[in-house]
Structures are given as C-alpha cells and as structure tokens.
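What follows is calculated from the coordinates using simple rules that are stated; it is not laboratory data. These numbers were taken from a predicted model, which means no experiment stands behind them.
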Amino acid sequence: MERFDIAIIGGGPAGFTAAVYACRAGYSAIVFEKASHGGQMGITSEIENYPGFARVDGFDLAMKMMNQAKGLGAVIKTEEVTSVDIGGREKFVTTTRNQYEAGAVIIAGGAKPRLLGVPGEEQYKGRGVSYCATCDGMFFRGKTVIVNGGGDTAFEDAVYLSNVCEKVYLVHRRNSFRASAASVKRAQAKENIEFVYSSVIEEITGDGMRVTGAKLKNVESGEITEIGCAGVFVAVGRVPDTEIYAGKLDLDGSGYIVADETCRTNIPGVFAAGDVRTKHLRQIVTACADGATAVKFAEEWLTEITE
C-alpha cells in the first residue's frame, strides 16, 4: 500500500493549491480526481475574476495549476474515492482501483450540479439535458435552448449559449433574478435571449431519443405552456460531493462539511477546503486560499503525530 504524507481528495483549485503548498513544504502529496481536472473551473469557458488574469480560459488555468503541482512532485491520480477510514491516527483512502495510506487528508471535492427532479430529466440526460453549457453548447449550434436558473451561473450560461444558439430562453421561478447586476446587463444586451419570469419547468419532453421541448408552469397563474427546444441547460445550484463522509464528519443542513477558516473538521488530521466546506463565498480565489490554509494546519498535525 502506498503511503503519502497528505492525501488530497479533489483536483480543483483548492486541491491543486494544497498540493503545491504541501510539496513546497517538503511533504509527499497525492491528489485524487474522479472526473475532469480543475472541477467547475475546468469547464468554465471564461474567467474574469482571478487575480493576475484579466480574462483566462478555465481549462487552461486548471492545467496550469495541475502541471505546477506535478512539477513540484505531487502524484495525480484519476481515480474516484469510494470510501475513507479517517477516524484513527493514520488515514486510509480507498478508490475504484487501490487503497492508500496518509498522515493527513484534505477533502476538496467541490460540489456537483443540483437536479430539477422533473419527468424527462433523467431520461434525456446527455440527450438534450445538460448541466454544463461550455461543455455541450456547441452541440446546439443554431438551435433553440432553455436555461433554467436565476443566478450568475445561469446568466453566464445563457450569454455563452446566445453566441452559438439561435434562441435562448432563460427561465426563472421568481420575477426578479439573484444574479449580479453585471451578469443581468450582459444578458439583457443579447437580442436572442428571452426572459421567462415566475415559471418553473414541469416536464422535459422528447421523442424518445432527444429533447424536443419543455412544459412550463407559471407559479402565479398556474398556466401551463410548452416551449419547443433542442436542449435544456440546468443551472439551479450545486450540491456538495460529501455522501461518503456522512456519519463520519460533521455536515451542515445542506451537506457541506463543517469547517472554520482553519479548514479543520471535527476529526483531527482531516481538513475541508474549497466549495465543499461551510463558507459564505465560493470562488476560485477562496478555494485556493483554503488549499493553502489546509496545508498550514495539516503541517501542525503531521508534526504532532511524528513527535
């Protein structure tokens, strides 16, 4: 069984920053990422709020972070973590392929898309239903699509899709949006984006093979309408990737790992960094800060158990 000083679960900005800081401090580090490296950052087409970069492609930034960590000696594994044994002095991480031992664990798994939970969503997932506009938008070039949501992500998705699609409907359950004024302004400037207020998707319809439309319900009048479209992009928030820690770590009511600004969890030697922990602001820059902070306090733990 391979042993590392620090095992990092999640290859996003928090995880890669933790790997950089761990390796620079002289510790051996392994990073586990089950899907695409970079997390949500890696599938974001354009980032404008990361210091030092007026505008940068999210995938490129993710690759720079990963390569920096690898260059310093971090081991990067594309393996899904299926279980952890973290209650004792030594920690054990089991993946789909192997089991690893570590002195400390930093959990930086981020969050995954929240589902609508309506008829047709599961049936047409990957066949017109998408949770990533930058990943799948090009499949809908010249077509009509729906974006469901009212936050910044929904507006960013709508603006991105407006550049490749003929028509974009932005559907939101309220009569006002949660997105920033700047995001709203950019979307309003797009002639092919139409706003559908006070409405929810009741059902995603299709021909058995692909999405052909969606049934909408006006939450004020109860009226049901149907919009024909080739795709439905869901942008209604994210859910922390913490299922395997339930019953082992303290989680809040939304499933995020309870950890303060030191990134310490209720179990000594286990830390939570980035979007997966309780916090007020979830951004790339705050995830990076968490990664560095987690290593700082992991160092204290590693020193304690080796003295």
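Per the Cα gyration tensor, the stretch 65-163 maps to an equivalent ellipsoid with semi-axes of 37, 18, 13 Å, ordered largest to smallest.
Each stretch of four or more DSSP H residues adds -39500 (n - 2.57); spread over every residue of the chain, this sum gives -7500 deg cm²/dmol at 222 nm. Only Cα pairs under 8 Å and 6+ residues apart enter the sum, and on that basis the relative contact order of the stretch 1-125 stands at 33 percent.
Averaging the Cα positions of each part gives two centres, and for the stretch 292-307 and the stretch 1-58 these lie 19 Å apart.
In the list (1) -0.17, -0.40, -0.61, -0.87; (2) -0.23, -0.50, -0.71, -0.92; (3) -0.21, -0.48, -0.74, -1.05, the label attached to log10 I(q)/I(0) by the Debye sum over Cα atoms at q = 0.06, 0.09, 0.11, 0.13 Å⁻¹ as derived from the coordinates here is (2).
Dividing the Cα radius of gyration of the stretch 1-88 by 2.2 N^0.38 Å, with N the residue count, gives 1.13.
Under Stokes-Einstein, with the Kirkwood radius over Cα pairs as Rh, the value for the stretch 83-133 at 37 °C and 0.692 mPa s is 229 µm²/s. Taking every Cα-Cα distance in the stretch 110-158 and sorting them into 5 Å bins starting at zero, the pair-distance distribution P(r) comes out as 4, 17, 30, 28, 17, 3, 0 percent. For the cross-link pairs K34/K112; K91/K248; K185/K217; K248/K296; K34/K77, the ones whose C-alpha atoms lie over 18 Å apart are K185/K217; K248/K296. Taken one residue at a time, the phi angles of the stretch 264-279 give Karplus couplings (6.51, -1.76, 1.60, θ = phi - 60°) of 6, 9, 6, 10, x, x, 10, 10, 10, 9, x, 5, 7, 9, 5, 6 Hz. Gly and Pro are set to x. For F195, the residues whose amide H sits under 5 Å from its own are L170, ignoring neighbours fewer than 5 places away on the same chain, with H placed 1.01 Å from N.
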